[in-house]
Amino acid sequence: MRTLFLTALATAFLWLSAGAQPAAASSLAPLSSPDDVAELIRTGDPLVLDIRGDKVEDGRIPGAVSAPYGSFRGPKANPGELLSDARFTEVFRSLGIEEARPTVIVHQGRDETDFGAAARVYWTLKSAGVQNISILNGGMNAWLATGTRAVQKTASDPSPSDFTVTLSDRWLATREDVQAIVNGEQSGRLVDARPASFYNGEQAHPAAARPGTIPQSEYFTHSGWFSGGPAIVDATAARKLATDNGFRQDDQLVSFCNTGHWASTNWFALSELAGIENVKLYPESLVGWSNAGLPMENTPGLIQTFINRIKQAL
């Protein structure tokens, strides 16, 4: 008995001396405040990905590297289309993205739409296996709001990594998956994240073949997760909003929009904040769907389409 006790004691000592601790202790929350990010920079070595582009006028968070949102997106004809694993590997390595390194995503924080860029990059990183990711809630505008936080004029040079991307399908809905739901071959709820004018067929993305929505879809706009500003609601509020709007913890959800941008906000809020386990993103969304000639609902006739286009022009 004494031998077993000593063995257990020695094992515990070695475990503690090695600095072992539960993984959750070092995990970032999906959302970080400016104070959270400042403390992370002070105490650790995070990778700060500034997704606003190479030219910014208000400076960057110290140590941030420039990781333009467009680097994570598809071509102009289908912006939501996924890049190949090989292309993502090039992007990740050039930015110094690593599997275990804490990574903070920084967008501008202009409005609700702007958040979708950060959410899409978050979804991409998580699907690629990056374990410790967070979005700066309110973006760079929140960082600058006090007028006292440090900034640097230019982006930092990244240290290239050896990351190899194999994108998981755990949070991915393909066109075939969506077709299976529409055809009744697979269970699931299709959630349209676009503003009502798009859902109702009154407006269309320039790259879409026609206006309307995917059959059997329901409407919940991405802006529903915000309270009049660019910062998204916290997890407690997101869970309540999800429940109040009929989303259940056992739902099989697929989020889509025009190009997988607004849809990423719905995915993020439902999956990462509200904690619903089975939420997937349909990346190419309505642009890819409509250009493939697949069935649509809420598509107006030729005369109404003409009228709608005149209204948009005016």
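The values are calculated or read from the model by the stated rules, or taken from the named source; none is laboratory data. Computed from a predicted structure; not experimentally measured. Here the Cβ is made from the backbone with ideal geometry for all residues, glycine too, and neighbour counts use every protein chain on show. With ligands, DNA and RNA removed, areas are computed over all heavy atoms of the protein, side chains included. Shrake-Rupley method; radii C 1.70, N 1.55, O 1.52, S 1.80 Å.
Summary of computed values
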{"read-out": "Probe 1.4 Å, protein heavy atoms only - accessible area per residue of the chain in square angstrom", "value": "48 Å²"}
{"read-out": "Tilt relative to the chain, helix 235-244 - C-alpha long axis, 0 to 90 degrees, to 10", "value": "30 degrees"}
{"read-out": "Within a Gaussian network of the chain (alpha carbon springs, distance under 10 Å), most fluctuating of V121, V56, V65", "value": "V56"}
{"read-out": "Length added when fully stretched, E99-A145, from 0.36 nm per residue minus Cα-Cα", "value": "13.4 nm"}
{"read-out": "Which of M296, M140 is most accessible, then next, and so on - probe 1.4 Å", "value": "M296, M140"}
{"read-out": "Percent of C-alpha pairs per 10 Å bin, the chain, short to long", "value": "6, 25, 31, 22, 10, 4, 1, 1, 0"}
{"read-out": "For I61, solvent-accessible area (1.4 Å; no DNA, RNA or ligand), Å²", "value": "0 Å²"}
{"read-out": "Size of electric dipole in the chain: Cβ of Lys, Arg +1 and of Asp, Glu -1, about Cα centre, debye, nearest 20", "value": "280 debye"}
{"read-out": "GNM result for the chain, Cα springs below 10 Å: residue of P75, P195, P283 fluctuating most strongly", "value": "P75"}
{"read-out": "Carbon plus sulfur fraction of accessible area for the stretch 129-199, probe 1.4 Å, in percent", "value": "47 percent"}
{"read-out": "Close Lys-Lys pairs in the chain, where close means Cα under 26 Å and separation is 8 or more or interchain", "value": "8"}
